[in-house]
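Undergrad: Please read through the structure below; I'll follow up with questions.
No value in this document is a laboratory result; all are computed from the given coordinates. Computed from a predicted model, the values in this text were never measured in an experiment. Neighbour counts are summed over all protein chains in view; Cβ atoms, including those assigned to glycine, are modelled from backbone coordinates with ideal geometry.
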Amino acid sequence: MSPDVILAAEAASKRYGDRVALDRVSIAVLRGECVALIGESGAGKSTLLRCFNRLVTLDSGRVLIEERDGATLDAIVLRREMGYVPQEGGLLPHWRVGRNVALVPWLKRDPARAVRTTEALQLVGLDPGQFAMRWPRELSGGQRQRVAIARALASRPAIVLFDEPFGALDAITRAELQTAFGGLRRELGFTSLLVTHDLREALDLADRVAVMRRGQIEQIAAPSELLAAPATDYVAELLARARVRA
Ligand code: ADP
């Protein structure tokens, strides 16, 4: 495998009963790259994402994280090494913002956790003095997602998994966070997988877009290539429905 591949899935398969969530999916993500997983609800996007931090255990096939077989890695250690922004943020409601953001540095017994927390809040555009002592319920939806991103980035992971991080936000807040996302990528250089059902978001934010359907990757390509040469009728239809043109 190329040394530039930081995340990979090889023939990854997963079923829930007789429902196929992933059907022999292979993908390789390069260091520093952002790959968006796009497709309709139920296509397998979240399942694929969650294989990488072992929230999902594969039936067959494997995932590789920096060339290490995911099945051989300690799941707890893996989740501390990899940032994860779940749908709806997943903040602990009975913990203040600062404690939520400090979670991973604290688990890793990082002596610099206070500094990491302050820096992470600043990175996502929240004033630590104003926000660290607030409760999640005292935040707007957009602020909550910023905190969730700060928490994922606090210990500066090389890899961050984003599961529909902006899905529940209004259009303006969503656009603000999309812009912030681009800035964070440039500043921190992490590798990311981004699940979204918004094709425009995928085309705007990602280096490559993987179109998923029925547990398989229908096409994976750079945005310009996807727009210029949709590989299947389904991809063409998806582009047409989103009214996105080359
Ligand atoms: P997406 O993220 O594209 O909406 P998912 O990966 O969440 O798709 O789901 C893929 C398929 O697997 C769907 O049919 C879904 O209903 C099923 N599925 C996912 N997670 C579970 C689960 N924990 N239990 C049962 N079925 C599941």
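Undergrad: Which value in deg cm²/dmol, rounded to the nearest 500, describes the helix-derived mean residue ellipticity at 222 nm for the chain, given -39,500 (n - 2.57) per DSSP H run of n ≥ 4 and division by the residue count?
TA: -10500 deg cm²/dmol
Undergrad: Under a 10 Å cutoff between Cα atoms, tell me which one of SER46, SER224, SER13 has the largest fluctuation in the Gaussian network model of the chain.
TA: SER224
Undergrad: Please name whichever of SER60, ALA102, GLN143 sits farthest to the positive end of the charge dipole of the chain, dipole taken about the Cα centre and charges placed at Cβ: Lys and Arg +1, Asp and Glu -1.
TA: The residue sitting most towards the positive pole is ALA102.
Undergrad: In 10 Å bins starting at 0, how do the alpha-carbon pair distances of the chain split up by percent?
TA: 7, 32, 36, 20, 5, 0
Undergrad: Whole-Hz Karplus ³J(HN,Hα) for region 15-25, in order, using 6.51 cos²θ - 1.76 cosθ + 1.60 and θ = phi - 60°, x for Gly and Pro?
TA: So the Karplus estimates, Gly and Pro as x, are 10, 10, x, 9, 8, 8, 8, 9, 10, 6, 8 Hz.
Undergrad: Would you mind getting me the FRET efficiency between GLU225 and ALA175? Use the beta-carbon distance for r and R0 = 30 Å, nearest 0.05.
TA: 0.75
Undergrad: Now, a different point. Tell me the angle of helix 113-123 to the major Cα principal axis of the chain, expressed in degrees between 0 and 90 and rounded to the nearest ten.
TA: In the chain, helix 113-123 runs at an angle near 60 degrees to the longest axis.
Undergrad: May I pose another question? Where in region 151-189 is the amide nitrogen less than 14 Å from a point lying 7 Å along the Cα-to-Cβ axis of TRP95?
TA: Residues passing the 14 Å test: 151-155.
Undergrad: While we're here: Subtract the Cα-Cα distance of ALA75 and GLN122 from 0.36 nm times their separation in residues, and report this length gain in nm to one decimal.
TA: Taking 0.36 nm per residue and subtracting the Cα distance, the gain is 14.0 nm.
Undergrad: Provide the per-residue ³J(HN,Hα) series for region 100-106, in order, calculated from phi with Karplus coefficients 6.51, -1.76, 1.60 and θ = phi - 60°, each as a whole number of Hz, with x at glycine and proline positions.
TA: Per-residue couplings from phi come out as 4, 5, 7, 3, 5, x, 5 Hz.
Undergrad: Taking neighbour Cβ counts within 10 Å as the exposure measure, how do VAL101, VAL160 sort from fewest upward?
TA: Exposure proxy ranking, most exposed first: VAL160, VAL101.
Undergrad: So, in nm, how far is label LYS108 from label ASP4 when the simple model puts each one 7 Å beyond its Cα toward the Cβ?
TA: 2.6 nm
Undergrad: Still on this structure, please answer the following. Along the charge dipole of the chain, Cβ charges K/R +1 and D/E -1, which of GLY17, MET82, THR191 sits furthest on the positive end?
TA: Comparing the listed Cα positions along the dipole, MET82 ranks first.
Undergrad: Using unit Cβ charges (K, R positive; D, E negative) and no other charged atoms, how large, in debye to the nearest 20, is the dipole of region 89-246 about its Cα centre?
TA: Dipole about the Cα centre, nearest 20: 620 debye.
Undergrad: If you rank LYS14, LYS108 by fewest surrounding Cβ atoms within 10 Å, what's the result?
TA: Taking fewest neighbouring Cβ atoms as first place, the list is LYS108, LYS14.
Undergrad: Let me ask something additional. Over region 58-119, what is the relative contact order in percent, taking alpha-carbon pairs closer than 8 angstrom and at least six residues apart? It would help to have the intermediate numbers written out before the result.
TA: On the way: 22 pairs, mean separation 12.1, N = 62.
For region 58-119, the relative contact order is 20 percent.
Undergrad: Name the residues whose placed amide hydrogens come within less than 5 Å of the amide hydrogen of GLY90, ignoring near sequence neighbours (fewer than 5 apart) on the same chain.
TA: Here the answer is none, since no amide H 5 or more places off falls under 5 Å of that of GLY90.
Undergrad: Once you list every other residue whose beta carbon is under 12 Å from the beta carbon of ALA222, what net charge do they have if Lys and Arg are +1 and Asp and Glu are -1? Provide the component values of the computation, followed by the final result.
TA: Numbers: positive: ARG208; negative: GLU33, ASP207, GLU225.
Counting the neighbours of ALA222, the net charge comes to -2.
Undergrad: Ok, one more. Hey, with R₀ at 41 Å, roughly what FRET efficiency would ALA242 and LEU188 work out to, going by the Cβ-Cβ distance, to 0.05?
TA: 0.90
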